[in-house]
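The values are calculated or read from the model by the stated rules, or taken from the named source; none is laboratory data. It should be emphasised that the depicted structure is a prediction, and the values quoted were computed from it without experimental measurement. Cβ coordinates were reconstructed from backbone atoms using ideal geometry, including for glycine residues, and neighbour counts include every protein chain displayed.
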Amino acid sequence: MAIKGLRETVKKALDKHNNDKSLLVDILQDVQATIGYLPKAALVETGKQLGVPISRVYSVATFFKAFSLTKRGRHLINVCMGTACHVRGAVKVLEQIEQELKIKRGGTTRDLKFTLETVNCVGACALGPMVIIGEDYHGEMTPEGIISVLKQYN
Amino acid sequence: MVKLTINGRKIQAEEGTTILYAARDNNIFIPTLCENEAVSPYGACRLCLVQIKTARGRERLVTSCIYLVEEGLTVETNTERIRKIRGVLLELLLARCPDSEVIQEMAAKEGITITRFYKRKGNNKCILCANCARTCEEVVGVSAISLANRGVDRELTTPFGDDFSEACIGCGSCAYSCPTGAITLIDRGSKRTIKWPHNRMEFKLQKCSVCGNYWAPEKQIAYIAKTSGTKLSEYVACPDCRD
Ligand code: SF4
Ligand code: FES
Ligand code: FES
């Protein structure tokens, strides 16, 4: 993203929150929603415009799991690793996805299609193992089943 | 004035004082690691744990560097229970920072020389107390470093983990405030090197126009000139050579 666009993106987020330093998390959320992730330049720009030290912006941005400092795929895959899903075979499902997409958890595919992450319990234990892709919940996943599910996304 | 009892001794302390400072003022020793008078209380190491009983009879364990004195409070600083917990804390710290002489010495004083926990590898003495970052923010005023990430990945770092922090003026207050010796500062010739647990940065030192000694980082001098509204030209000579 060109620096000019970046400056405006950040400014818009700041305006929306009245330049309130205590709303740094909300501001970063808006910036991320526009760009898709939080590149270094965006964090630096946010710090500068808001008058918050870069070290603090970095600290906050790395603390919350909802923020990503690296590019993310179009579809976010969350494999549930909670206790119930775990005993129902989530590890096998995760390994299958890792193999299929050639990425490790936390990673993003080269074509920026998928980002793979894990969560601990999404509250649908009876349907485990759960795999959430974007907004879609896929229950009772198996290593075989997940392959055809992944094919539904482009 | 607030009246309270520490280890059976009746003492008085000003309102708003922490138990730790009230104890210190009365020559009662409580071990501490992360406490630092220059910055606001934070309570990271938990070694200053004490047992309290409020005037209404409620008993609990609190960190004395944060907890404020209360009327009628009864405090015990060295019971069997506290010694046991403190021992475990020291073992955990020993496992986290096996190379820190400060922690080794503290543990030895409590009779602990080995830890049952898995020892961390690598020469990292950081206990994540953030004394350095808080000193940098509250005392120096530049906030060049901070804690980042969370859980087991938490670390003290420069922004983005670079070997560079734009805000850092190279003053070395972080190294000075670190209780475990996790940050080092070395001046060699015209160069100062600050090593944080995971990053490092180099600074050019300014040479005194009179004696020729290198006396402070150029960045720090520029910062002092800026914040004090004085001219840079006033700093060509070191403090010893100025009249
Ligand atoms: S480097 Fe030292 S002062 Fe900074 S967080 Fe680690 S132990 Fe505390
Ligand atoms: S453990 Fe996966 S939904 Fe509860
Ligand atoms: S001295 Fe109180 S928690 Fe470290």
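Listed by position, the helices (runs of 4 or more DSSP H) enclosed by segment A:42-131 that each have at least 2 residues that are buried (at least 17 other Cβ atoms within 10 Å of the Cβ) and within 14 Å of chain B (Cβ to nearest Cβ) are A:54-63. Pairing each residue of segment B:150-162 that is in contact (Cβ under 8 Å) with a residue 24 or more places away in the chain with any residue that is assigned to a helix (DSSP H, G or I) and surrounded by fewer than 18 Cβ atoms within 10 Å (Cβ to Cβ), provided the two are 6+ apart or on different chains, yields C-beta distances under 9 Å for B:Arg154/A:Phe63; B:Glu155/B:Gly161.
Of the numbered criteria (1) under 15 Å from B:Pro217 (Cα atoms); (2) surrounded by 15 or more Cβ atoms within 10 Å (Cβ to Cβ); (3) not hydrophobic (A, V, I, L, M, F, W, C), the one B:Gly189 fails is (2). Scanning segment B:68-80 for residues being free of Cβ contacts under 8 Å to residues at least 40 places away in the same chain and either under 25 Å from the mean Cα position of the chain (by Cα) or part of a loop (DSSP other than H, G, I, E, B) (or both) gives a total of 1. Of A:Leu112, A:Leu94, all but one fail to be closer than 19 Å to A:Tyr37 by Cβ, aliphatic (A, V, I, L, M) and away from ligand 3 (no atom under 16 Å from the Cβ); the exception is A:Leu112. The residues of segment B:134-156 that are at the interface with chain A (Cβ under 7 Å from one of its Cβ atoms) and of a type in the set (Gly, Ala, Ser), listed by number, are B:Ser143, B:Ala144, B:Ser146, B:Ala148. Among the conditions (1) within 16 Å of ligand 2 (Cβ to nearest atom); (2) out of contact with any Leu (no Cβ under 9 Å at 6 or more places or on another chain); (3) modelled with pLDDT of 95 or more, the only one that A:Pro143 does not satisfy is (1).
Taking the conditions (1) crowded, with 19+ Cβ neighbours inside 10 Å; (2) free of Cβ contacts under 8 Å to residues at least 24 places away in the same chain in turn, B:Glu166 satisfies each one other than (1). Among the criteria (1) more than 20 Å from B:Leu33 (Cα to Cα); (2) within 12 Å of another protein chain (Cβ to nearest Cβ); (3) at pLDDT 95 or above, the one B:Gly170 does not fulfil is (2). The conditions of being modelled with pLDDT of 95 or more and within 16 Å of ligand 1 (Cβ to nearest atom) are met by B:Leu90.
Can you find a residue that is away from ligand 1 (no atom under 16 Å from the Cβ) and either more than 30 Å from B:Tyr176 (Cα to Cα) or in contact with a Ser or Thr (Cβ under 8 Å, 6 or more places away or on another chain) (or both) anywhere in segment B:36-45?
Among the residues of segment B:36-45, not one is away from ligand 1 (no atom under 16 Å from the Cβ) and either more than 30 Å from B:Tyr176 (Cα to Cα) or in contact with a Ser or Thr (Cβ under 8 Å, 6 or more places away or on another chain) (or both), which makes the answer no.
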